[in-house]
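Written out below as structure tokens is the structure these notes cover.
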Amino acid sequence: MRTARILLTAAAALVLAATANAQVMVPKGDFSVGAQFAHLKLDSDNSEIMLLVNPVSAQGKISQFSPFFEYAYKDDCTFGARIQYFSGSAVLDNITLDLLSEGLSFDLSDLNTHMKRFGASVFHRNYFALDPRSRVGIIAEESLSFSEGRTEYDKTKPGMNYSTSNKLNFAFSPGMVFYVMNNVSVMLTISMANMSYNSVKCFTDGSQSGGRSKFAARFGVDLTGINFGVAFHF
């Protein structure tokens with residue numbers, strides 16, 4: 001939470017500075033197309049969050065590709081939409097969780113999962129120029145998305161087939177933008193706050209064996225919500 005407060009304070013200070021600068025970065029009528037990318041790789045060997053897990057050997061990675069279009073309905077204010085494709089995998093070779101108590105322990109080994117998710121979102125952005133030439137600026141983005149996904153488990157494990165999920169998510173993602181050319185920009189956005197509703201159903205041998213629904217709210221940096229992007233302006 002402390003890190004989130006520091007980042008939000010810094011973002012607010014930059015927005016105030018940009019507002020005082022009062023330069024137009026994205027003029028009314030600007031139309032752009034582009035794509036955003038995300039990739040994250042996790043490994044237990046360099047993680048510090050597994051202090052109570054010993055021994056552990058696990059690896060995972062996630063990737064996301066999101067083409068989008070965007071239109072400026074007035075100076076420095078845009079709306080747009082994007083399609084999202086998300087894939088991920090995790091390999092758990094061995095894990096023993098004891099929670100510092102002999103009465104609370106379990107073992108897992110040789111567990112493989114693969115996930116694919118498709119979705120769509122609409123978003124609104126405000127731009128704030130930081131320099132007189134309007135080449136560098138701040139983005140404040142709000143987005144609403146819906147996605148459907150499927151996670152398949154190692155078929156060698158009896159009773160673990162696959163699960164499906166639906167997710168409705170609202171997110172606030174500040175970021176930075178830089179015009180490398182007059183009609184080409186690159187950007188970085190980071191999800192700092194989101195609220196979501198998730199519904200998951202589990203299936204065994206083709207029949208539903210369980211399910212869960214959950215509403216969640218999160219504030220702070222979301223590592224899976226760090227996106228790089230490029231846009232072409234017309």
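At a glance:
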read-out: Selection count where residues are at pLDDT below 90 and open to solvent by less than 50 Å² (accessible area, probe 1.4 Å), scope the stretch 137-158; value: 2
read-out: Residue within the stretch 220-234 that is at pLDDT below 95, part of a loop (DSSP other than H, G, I, E, B) and touching a helix residue (DSSP H, G or I) at 6+ places or on another chain (Cβ under 7 Å) present; value: yes
read-out: Those residues of the stretch 193-210 which are open to solvent by 60 Å² or more (accessible area, probe 1.4 Å) and modelled with pLDDT of 85 or more, in sequence order; value: MET195, TYR197, LYS201
read-out: Candidate set from the stretch 16-51 (those that are open to solvent by 90 Å² or more (accessible area, probe 1.4 Å) and at pLDDT 90 or above); member that is farthest from the chain's Cα centre (by Cα); value: LYS28
read-out: Any hit, the stretch 85-95, residues being under 17 Å from ALA140 (Cβ atoms) and either assigned to a strand (DSSP E or B) or modelled with pLDDT of 85 or more (or both); value: no
read-out: Long-range neighbours under 7 Å by Cβ, at least six apart or interchain, first residue closer than 28 Å to ARG218 by Cβ within the stretch 174-195, second at pLDDT 95 or above and among the charged types (D, E, K, R); value: GLY175/GLU141; THR189/GLU141
read-out: Options PHE215, PHE178; residue that is farther than 27 Å from PHE69 by Cα and part of a strand (DSSP E or B); value: PHE215
read-out: Leading residue by the ranking (least open to solvent (accessible area, probe 1.4 Å)) among those in the stretch 120-136 that are modelled with pLDDT under 95 and not hydrophobic (A, V, I, L, M, F, W, C); value: SER134
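The values are calculated or read from the model by the stated rules, or taken from the named source; none is laboratory data. A quick note: this is a predicted structure, and the numbers were derived from the prediction, not measured. For neighbour counting, all protein chains shown are included, and Cβ atoms are generated from backbone atoms with ideal geometry for every residue, glycine included. We work out accessible area using only protein heavy atoms, side chains counted, and drop any ligands, DNA or RNA first. Shrake-Rupley method; radii C 1.70, N 1.55, O 1.52, S 1.80 Å.
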